[in-house]
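Have a look at the structure below, then the notes.
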Amino acid sequence: MKTIVSGIRSTGNLHLGNYYGALRNFIKMQHENRCFFFIADYHSLTTHPNPNDLYPNVKSVLTDYLAAGLDPEAATIYIQSDVPEVTELYLMLNMHVYLGELAKTSSFKEKARKQPENVNAGLLTYPTLMAADILLHNADEVPVGKDQEQHLEMTRRFARRFNNFYGTEYFKEPAAYSGGGELVKIPGLDGSGKMGKSEGNCIYLCDDEKTIQKKVMKALTDQGPTEMNSPKPDYIENLFTIMKIVSSPDTVEYFDEKWNKCEIRYGDMKKQLAADIIAATAPIRERILEINANPDILHRAISLGRDKARESAQKTIKEVREIMGFRRF
Ligand code: TRP
């Protein structure tokens, strides 16, 4: 059994891209592995330190996680700030992390460019905090997207450096999660390659039927093809990509044929697509409403998660303190 750790920054509701890209995999892997899924609320402070948003954003992610099928009994689902041990490990690791390597991290350079008025030390040491999240449970694997590969590489380097410095083999070097098969990427409805919060083109898991219909009907299209079997432009291909995920193969084939014969009616296609997205996400949305009506569900999940996460974390901290030479008086 492998230990798997995954964090998500708490910046609000989850969308179809989150669900089909990662969440559905998590739901599968939680039964076969020792999984830690946490909400990285400390990390979100590096860019969004807004006290009014913090709680509702964490709550949205947590609700969506549970509604989608993450099981607090099977996996350890927790909030990063519920586990103070992570900040201790972060501090300790930072003593062996160099300014130079942090300053040249891609994500740091990008964020420093985006928020020049707030290039804070938390932003700089973001990779150390992420390494602490991962090493706290001595993860074997971490499911990461392309944008997080450099951070994972740094985690491995920090683990190796710690081990070398203290003459131990304590930390494992975590690998990228390998068992997921091909990663599904949900494109945007606006012709862009990716559905994403900052792109503002998302269908959220909590969107109701009307909202989904409206968003899908507004998707970018054109006059339709004028030549038989012509290649599809990206924004049309995007609609087919989403359809392949939520609709039956027959449906996809039907509209594909219509396209090839220049008979496609985008209105019909969008109506079908909206209906199939609604059907695919309806059980999740129902669960979201149920959780919203019963705060106890979150309560119980989160206190169970906190206990399990802290048990694992405390063991690590105790051992790390030992290795580093801390002794009780
Ligand atoms: N940096 C990750 C992201 O933005 C979130 C994250 C924080 C994370 N700690 C982690 C992911 C530990 C995996 C493991 O997506």
(message) Filter the range 271-328 down to the residues that are open to solvent by 90 Å² or more (accessible area, probe 1.4 Å) and part of a loop (DSSP other than H, G, I, E, B) and list them by number.
(response) 326, 327, 328
(message) Could you check the range 215-260 and list, in sequence order, the residues that are part of a helix (DSSP H, G or I), over 15 Å from residue 16 (Cβ atoms) and basic (Lys, Arg)?
(response) 258
(message) Checking residue 22 against (1) modelled with pLDDT of 95 or more; (2) aliphatic (A, V, I, L, M); (3) under 15 Å from the mean Cα position of the chain (by Cα): exactly one of these is not met. Which one?
(response) (1)
(request) Quick one: in the range 130-166, of everything that is at pLDDT below 95 and open to solvent by 50 Å² or more (accessible area, probe 1.4 Å), which residue is farthest from the ligand (Cβ to nearest atom)? (result) 146
(message) For the list (1) within 16 Å of the ligand (Cβ to nearest atom); (2) modelled with pLDDT of 95 or more; (3) assigned to a loop (DSSP other than H, G, I, E, B), I need the number of the one condition that residue 179 fails.
(response) (2)
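The values are calculated or read from the model by the stated rules, or taken from the named source; none is laboratory data. Predicted model, so just to flag it, every value in this text is computed and none were measured. No Cβ is skipped: glycine too gets one built from the backbone with ideal geometry, and neighbour counts run over all protein chains shown. Areas reflect the complete protein model, heavy atoms only, side chains present, ligands, DNA and RNA absent. Shrake-Rupley method; radii C 1.70, N 1.55, O 1.52, S 1.80 Å.
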